[in-house]
Amino acid sequence: MKVRNYYLVFVLMVFGLLSSFAQEKKVSGRVVDTNNLPLPGTSVVIKNTTRGASTDFDGNYSINVSAGEVLEFRFVGYVNKEVTVGASNTINITLQEDATSLEEVVVVAYGSQTRESIVGAVGVVSSATIETQQVTSPLRALQGAVPGVSLLTAGGQPGNNPIIRIRGISSQSLARGPLIVVDGAPFNGNLSTISQDQIASVSVLKDASSSALYGSRASGGVILITTKKGHINSAPKITLRSQIGISNPTIGIHNLANPEDYLKLTWQALRNTNQYENGQTATDAAQNATNGLIDHLGYNPFSVANPIDTSGNLVAGANLLWNSNWEEEVIRENYLRLNHNVSVSGGSEKTRYFMSLDYLDEEGPVTPSDFERVSSRLNLETQVNDWFKLGLNTSFSRSSSNNPDQTSGSTIQAITWIYGLSSIYPIYARDANGTLIRDSFGERIFDLGNGLVTGQSVNSTRPVFNGENLLATLTLGKERRVRTNYLANFFAQVNIFKDLSFKTQLSYENYLFDSFSFDDDKIGVASEVSGRVSHNRDLTTTLNAIQSLNYTKRFGNHNLSIDAITEAYTNTQDNLLAQGTGFLPGVDNLSGSTTPEAVGGNMITSRINSYLGRVNYNFSEKYYGEFSIRRDGSTRFNQDTRWGNFLAGGASWVISREDFLKGSQALTFLKLRGSYGELGNNRTTSRFPYQSVFQTGSVNEGNPGVLLEGVSDLNLQWEKVESLNIGVDFELFNGALSGALEYYNKESVDLIMDRPKPRSLGINKVVTNIGSIKNFGWEASLRSLNFNTDDFTWTTGINFALNKNEWTKLPQDEILDGSKRYVVGSSIFDFFIREWAGVDPTDGRGMWYMDVLDANGNVTDKVTTKDYDQATRYDQGKSSLPDIEGGFTSFVRYKQFDLNVLFNFSFGAHLLDTDYSGLINPFESPGGSAHPDNFNAWQNPGDASDFPLLLASNNDHASRSTRFLFGNDYIRLKSLTLGYNLPERTISRIGLSKVRLFLQADNILTWQSHKGIDPEQAFNGLTNRRSPLSKTITSGIVLEF
Amino acid sequence: MKIYNTLHIKLLLVLVVAFLTGCAEEFLDEPKNTGGISEEIVFSDRDAVQAFITGIYARYKGQWDDDLTDDNLVNGNNSNADTGGLYAMYFARTVKGNDLIQAPSWFLFDYAHENRGASFRRTSFTWTFNYEIINYANVLIEGLAESTSLDDATKREFTAVAKTLRAFHYFQLALEFAPNYNNDRSVARLPIYTEATTVDSEGRAPSSLSNVYDLILSDLNEAIPDLTEDRLGKSYINRSVANGILARVLLVTQDNWSLASSAARAAYGGDAAAAVVSSAWGTGFDDLSDQDWLWGHFQDGSNETNFFWMAPFVFMDHLTLSFQATYVNTNFRDEFADSDVRKLFSDIYSSTTPYREFVTTKFEFTFASDVPLMRKSEMVLIDAEAQYNLGNEPEARNLLFALQKERDANATLSVSSGNALLEEILLERRKELYGEIGVEWFDAKRLSRPINRDAIHRVVVDVPADSELFYLNIPQSEIDANPNMPENINQ
């Protein structure tokens, strides 16, 4: 013992001598992040030497160093910092997080990698980006943030999930969206059940090599959502965030005619039909239109019997008795959005945790679509001993909303109603004189337009939407949707040897969709049966088990990592329906039903069993290679065809690590990367697409019935995508300008498609593997750090993608699909419709172009025709897919103030606006709303107009043609955040570590080429009476302590 | 030493987990398609075959769309009140005549004779609906033939039902999509299929009308001997119904009046006076159990109802909350004697609009209203027409009178002869069957007569005899998808 002490003293003496000789001293300190949390494992290196140390669990370090030497602090995901050692023996360091850091850890398939080592195409959105937006469904934050990700939200029901396409349309009939993976497990619930604050990062895997390990379901790309975790050895940090704001419709809906205008337009249509279709004289035609107008419409909102005179004007003295502005009744303004959130995170030496509770209340544009959600999460991870680690991530979420229908095709869908029923039809029942009818209590009665008072000749029976009243449905009926989602994700990791580890992960998801609807017992569709309750409970459960072995080893400059993984996935859909009628007033629960009307339910399961392998190799972090293979068996295919193999590989070369670039001050980083591989798609709508069965459930005279559902292809097999990606990443002047450029080309083969069959076969299609489609294009992102001083920071970023889509193989020359035609060489969304040739000024009739064919079927001429059925459909060379889309961001910080803006844009897409065409000349059947543009219609021979004459008889003027095909370019200010952080010295006095006040505005400005409705409609370029999206302005506060 | 202990524990953990993951093929074989039952099961059991036939009748009266094959089809037929099922096809014929007037509501384009375009909903529905059922009939015939577990009697019985169904729907297609059979039997507009559609089936070229009618007649003639009068209910086809269909077909072909007579008699039972007794008049015309009714749609207001779509009830009844859209031509109303139980007309609106003067209370709408598809009274009138054409005018008058006196106590035996007698029979058909099966249109079409509308109509269109307005265009979707359908079929 003594000897040892002497020895120690001796050593110290020697070191002391040496150090005094080199003026060496001991420097210590603590390394933390901007939140004052320790950064354990930070490497502390003396520049240009091999000497170094690293921080402990508490972020503390100490190192012997000479004055004048430079200490370099490095931590993955943070900006490196260099400090020259001076007189002080204590150097405390705060490292800034680096959003674009090459060393940033990126979550990838079944693991994570540094950004530098990625050989494929991965886009990342961090919580910092998500926090600048208010997204009820979290993935809406991806819009404009990652090149190559197209995203649109159809309709304004709060909590609506966006439709996401990554790198184009990779399938025709199967799911085209990405696979969503939450903390490593495939997610099948509703995304809106996850609150945005729980998310640490979102990775978008775009190419084959990065997503290959999800190969069987990754043809539409993969989105990995990683939830937040606590930090080891950190004190509990509590964050409170509260936001209150007001929303309004962004764009709204198309303009509609008021009652007077509506009557004038209908009169014009009636007169024209009388005169030009039925051959009456001009005088008779006008007189008959005047006399027949109210009878034609069924209702008279004016005080005189024939309110429109024979010149088409309102007669003198006619008073308007009512004007039903259905839009104002149904679509509200200045509706509330509330969001409160509290989270706690921290950790001890072995255990770390994150918990959060989020409350959201969003009223939504359509009355009364109030969306309310509570979501919570607990992520826990503990290192049991030096070889064993356990973790459990759980979340629970419940959202409830009324669900006024605003996207379906039903007549009581809010927008369908507004567009489908003109302002002349009253909300409340009127007698023949237009006086309100009241019930025995003196209350008004909703007008259903189906003859409330027998024998009342006017104001009684509507020509459209009989038996319905949207307001009655919304106020007397109930539509409730409750979504409950429970996720548990357990993992255990065993380090078997130093380099070999085994991990097991078991995740379970339980998603319950509860849908309740009540139709009133007195008014509306169910009045005949004294009310109806329909109650669905659809339970989706997913159990996923992953076992993986990982071997990581470094041999000199060779770095090797090998994974072997098996996965078993079970997804079960378990639905239950009960429906009954016959309710007493005030009763709306199923137990109160006197007549059961329908019951239903089914439980159906699909499974996937997979075996995966992956090898990663790099040489001196300069040359990277990756190879993976996946073999999947899916229950969606027949036994003989159910197994699919998916291979992928990739490589990258960090050129800036080569000697010839090492010293470059200008080009500080340059990397080339490329990948190629196969991905699969089995996500058919049907779970057994290779089987045609006899569907049960029909009934006739009390006997059970079954019916055959079409014809199926027993040999159906996996749809595959062959994907190539080439990219370059660069950084100039140490990050002043950085960016990436990528080219990709992915071809989907063995597409599972509908082979159209003529209806005379009794079916309309057979689902089979036919056809190939290709998506290819360029993606670029650029980021510049314009200023970066202590007081002032300014960064800008832009990203965009140019995508092309092209059929490469089809089973027949052409397949017509609505407004599109599939032919090899054209895209899936190229419009193939009749071409509008304007209005013939002599008779006001609309014209279209048609080809003239000779005896051999060759086109000899192109002429106009007034017969729509004769008109030729042409490839318009216009697609609903944009030529270019992307986003632009800018961040400015001046002292305590910061401002962040995000624009997203899309150019070159086209929209076939059938919402609009439905409002143009709707008079062929009475009752529907009309656009004021109808006043532009042709009136007299010689009139030059692009609007043909209005007709109250069957015609094709508003039928699908280029007349209603519009360019759909837009730029939207998607989010704007202005924040103020109170100075630290002020708030530290009251025990807070952060106080931030901010104003946030979403979707606040939109510039668009086609006005009237939201530019975000659908990838196929078709409108569908969708409710408007919201623009929201909120103020908020963040407190941290 | 310690390192080996932990290694054991670690390996044990790994092994336990690996063991729990189990065997792949079993894991994948286990899930079964619970969405329905397979063809093998259907054709292994009498009850299951019966359920297939039941499913077809449920389809007749449902809210029809393409949902069975694809609920999300881009060019699919969506549910609509005017294309909801078999009843909608008949009501479209009903509103094409002169006796009834349709307000601008559902069926307004059919009423105005402007709904035959190749891309219109009517055209697409009528084509698709009938061919869909024809394929079911073919599946049934093949499945029965190939079944090894069904007995011959069962096979014979259900094959006969399937052939009757096939004949019935080819007959409807021929009526809807082709000109009058008697003018030119070589016109080729309808492809014929007698095998079940498979993955590899291709669209066929259209066959001549004479081939279509040959198939209809051979199917019916083969089916009738194998059918019995037994059935699960009056919404099902039995021997009488098959005979009734045959009688209707022969009204079109007009080349075998004696068979038309005997088929009609087989349908109504031979005793005209007993056959025409009905309690439906004035009570809502909504009950299958009426002895006069041979065949109809069944509804019971609970799980078997299609709500607000069931024509004619929802359109013709003006006293119940519904569409209230069908009015009666005053001149038609005047054809009825005051003592006729069928004179169920009233002026409830006192409207100044001429066409809105009269509505009928023949049909009463509830969710439980059964819908007539075939009645014995119609068969008696077919018999009368057949007797007239066979030159047996006294018998024709007697048959006519059997019905007339049952409906109107003051009726007298007709003294007409020759064409006047035929006109009287045809008028009686209109008076007896208005609103039900499109009798005016059917008679005008088969007899090459015009439909001229009185001035009172909302839309006055005169349809000349044998006008193209008597048949629909072949749907564009068929032309697009069937390489063997001539592109210019509609020109």
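The values are calculated or read from the model by the stated rules, or taken from the named source; none is laboratory data. Please read all numbers here as calculations on a predicted model, not as lab measurements. Ideal geometry is used to build each Cβ from the backbone, glycine not excepted, and the neighbour counts take in all protein chains shown. To get the accessible areas, we keep the full protein, side chains included, count just its heavy atoms, and leave off ligands, DNA and RNA. Shrake-Rupley method; radii C 1.70, N 1.55, O 1.52, S 1.80 Å.
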Exercise for review: For region B:313-354, count the residues as N, evaluate 2.2 N^0.38 Å, and divide the Cα radius of gyration by that value, please.
Suggested key: 1.25
Revision key, fill the gap. Per residue, the convex hull enclosing the Cα atoms of region A:484-605 spans a volume in Å³ of 134 Å³
Review point. Can you tell me the accessible area per residue over the protein assembly as shown, all protein chains present, probe 1.4 angstrom, in square angstrom?
Key: 38 Å²
Point to revise | Inverse mean reciprocal Cα-Cα distance (Kirkwood Rh) of region A:77-201, Å | key: 17.1 Å
**Study point:** Degrees separating the helix B:121-146 axis from the principal Cα axis of chain B, which is the longest one
**Key:** 60 degrees
Point to revise | Spherically averaged projected area of the protein assembly as shown from its Cα convex hull (nm²) | key: 65.1 nm²
Review point. How large is ³J(HN,Hα), in whole Hz, for each residue of region A:479-485 in order, when computed from phi with the Karplus curve 6.51 cos²θ - 1.76 cosθ + 1.60 and θ = phi - 60°, using x for Gly and Pro?
Key: 10, 10, 10, 10, 10, 10, 10
Practice item. Report, to the nearest 10°, how far helix B:239-253 tilts away from the longest principal axis of the Cα atoms in chain B, using its own Cα long axis and a range of 0 to 90°. Key: 60 degrees
**Study point:** Most positive-pole-ward Cα, A:THR416, A:GLY908, A:ILE1004, against dipole of the protein assembly as shown from beta carbon charges
**Key:** A:ILE1004
Study note, to complete from the structure: Which residues qualify? For A:TYR299, with a placed amide H closer than 5 Å and at least 5 residues away or on another chain, they are A:ASN459
Review point. Distance in nm between label sites at A:ASP58 and A:ASP439, each 7 Å beyond Cα in the beta-carbon direction?
Key: 7.4 nm
Exercise for review: Using the structure shown, select from A:LYS26/A:LYS47; A:LYS720/A:LYS820; A:LYS389/A:LYS498; A:LYS720/A:LYS774; A:LYS206/A:LYS746; A:LYS206/A:LYS1031 the pairs with a Cα to Cα distance greater than 18 angstrom.
Suggested key: A:LYS720/A:LYS820; A:LYS206/A:LYS1031
**Study point:** Cut-off under 5 Å, modelled amide H: who pairs with A:ALA837 long-range
**Key:** A:MET847, A:TRP848, A:TYR849
Check your understanding: How high is the FRET efficiency from A:THR793 to A:TYR743, r the C-beta distance, R0 30 Å, rounded to 0.05?
Key -> 0.40
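At R0 = 60 Å, how high is the FRET efficiency between A:GLU621 and A:TYR894 if r is their beta carbon distance? Nearest 0.05 is fine. Can you show the working numbers first?
Details: r = 38 Å, r/R0 = 0.63.
For R0 = 60 Å, the calculated efficiency reads 0.95.
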Study note, to complete from the structure: Taking Cα atoms, the helix B:257-268 axis meets the longest principal axis of chain B at an angle in degrees (rounded to 10) of 70 degrees
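Given Cα positions, please report Rg to Rh for region A:551-630, the hydrodynamic radius being the Kirkwood one. Intermediate values should be presented prior to the final figure.
Values: Rg = 28.2 Å, Rh = 18.1 Å.
Rounded to two decimals, Rg over Rh is 1.56.
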Check your understanding: Based on DSSP, what percent of beta bridges with both residues in region A:659-770 are antiparallel, to the nearest 5?
Key -> 95 percent
Point to revise | Pair A:ASN291, A:ILE163: separation of 7 Å Cα→Cβ label points (nm) | key: 5.0 nm
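How big is the A-B contact in terms of buried accessible area, both chains counted, 1.4 Å probe, rounded to the nearest 100 Å²? Don't skip to the end; give the middle numbers.
Numbers: alone 45110 and 21270 Å², together 58190 Å².
Using a 1.4 Å probe on protein heavy atoms, the buried area is about 8200 Å².
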Check your understanding: Given H placed 1.01 Å from N in the peptide plane, which residues other than close sequence neighbours of A:LYS820 have an amide H under 5 Å from its amide H?
Key -> A:PHE832
Study note, to complete from the structure: Karplus-derived 3J(HN,Hα) from phi for region A:458-465 (6.51 cos²θ - 1.76 cosθ + 1.60, θ = phi - 60°), whole Hz, x at Gly and Pro, runs 9, 6, 10, 10, 7, x, 9, 6
**Study point:** At q = 0.09, 0.18, 0.22 Å⁻¹, base-10 log of I(q)/I(0) for region A:773-884 (Debye sum, equal scatterers on each alpha carbon)
**Key:** -0.46, -1.00, -1.17
Exercise for review: With N set to the residue count of region B:198-334, report its C-alpha Rg divided by 2.2 N^0.38 Å to two decimal places.
Suggested key: 1.34
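What translational diffusion coefficient, to the nearest whole µm²/s, does chain B have by Stokes-Einstein, given a Kirkwood radius computed over alpha-carbon pairs, a temperature of 37 °C and 0.692 mPa s viscosity? Present the calculation step by step, with values, prior to reporting the outcome.
On the way: Rh = 24.4 Å.
Result for D is 134 µm²/s.
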Exercise for review: Taking every pair of alpha-carbon atoms in region A:919-988, give the share separated by more than 14 Å as a whole percent.
Suggested key: 73 percent
Point to revise | Unit charges on C-beta of K, R, D, E only; dipole of region A:130-281, Debye | key: 440 debye
**Study point:** Residues of region A:525-546 with amide N under 20 Å of a point placed 7 Å along Cα→Cβ from A:LEU576
**Key:** A:533-543
Check your understanding: At 222 nm, what helix-only mean residue ellipticity would chain A give, in deg cm²/dmol to the nearest 500, using -39500 (n - 2.57) for each DSSP H run of four or more?
Key -> -2500 deg cm²/dmol
Check your understanding: Ranked highest first by average number of other Cβ atoms within 10 Å, how do B:113-126, A:813-826 line up?
Key -> B:113-126, A:813-826
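In debye to the nearest 20, how big a dipole does chain B give about its Cα centre with +1 on each Lys and Arg Cβ and -1 on each Asp and Glu Cβ?
560 debye
Considering only the protein assembly as shown, what is the antiparallel percent among its DSSP beta bridges, to the nearest 5? It would help to have the intermediate numbers written out before the result.
Values: 392 of 405 bridges.
Of the beta bridges lying entirely in the protein assembly as shown, close to 95 percent run antiparallel.
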Review point. Considering region A:855-942, what Rg and Dmax in Å follow from its alpha-carbon atoms?
Key: 23.5, 79
Point to revise | C-alpha center-to-center spacing [region B:196-227, region A:218-240] in angstrom | key: 66 Å
Check your understanding: Got a sec? Charge dipole of region A:293-421, +1 on Cβ for Lys and Arg, -1 for Asp and Glu; which of A:TYR353, A:VAL330, A:PRO307 is way out at the positive end?
Key -> A:TYR353
Exercise for review: Report, in cubic angstrom per residue, the convex hull volume of the C-alpha atoms of region A:449-518.
Suggested key: 119 Å³
Exercise for review: Determine, from the Cβ-Cβ distance of A:THR281 and B:ALA205 and an R0 of 51 Å, the FRET efficiency 1/(1 + (r/R0)^6), rounded to the nearest 0.05.
Suggested key: 0.55
Review point. If you project the alpha carbons of region A:892-1041 onto the principal axes, what extent comes out on each, in Å, largest first?
Key: 82, 31, 28
**Study point:** Whole-Hz ³J(HN,Hα) from phi, Karplus 6.51 cos²θ - 1.76 cosθ + 1.60, for region A:180-191, glycine and proline x
**Key:** 9, 10, 10, 6, x, 10, x, 10, 10, x, 9, 4
Review point. Charges only on Cβ, +1 for Lys and Arg, -1 for Asp and Glu: so what's the dipole of chain A about the Cα centre, in debye to the nearest 20?
Key: 4040 debye
Review point. Which Cα, out of A:GLY68, A:GLY592, A:GLN157, lies furthest along the positive dipole direction of chain A (beta carbon charges, K/R +1, D/E -1)?
Key: A:GLY68
Study note, to complete from the structure: Cα-based Rg then Dmax for region A:232-295, in Å, read 29.4, 93
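Starting from the residue with the highest accessible area, list A:TYR262, A:TYR894 in decreasing order, probe 1.4 Å. Please list the in-between numbers first.
On the way: A:TYR262 0, A:TYR894 120 Å².
The ordering from most to least exposed comes out as A:TYR894, A:TYR262.
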Check your understanding: Within 10 Å of each Cβ of A:453-466, how many other protein chain Cβ atoms are there on average?
Key -> 5
Check your understanding: Considering every pair of different Cα atoms, what Kirkwood radius, in Å, is found for region B:407-487?
Key -> 15.9 Å
Exercise for review: First select every other residue whose beta carbon is under 13 angstrom from the beta carbon of A:ALA780; then total the charges, Lys and Arg +1, Asp and Glu -1.
Suggested key: -3
Review point. What distance in nm separates the simple spin-label points at A:LEU240 and A:ARG51, each placed 7 Å from Cα in the Cβ direction?
Key: 4.9 nm
Point to revise | Quotient of C-alpha Rg and 2.2 N^0.38 Å, computed over region A:216-335 | key: 2.14
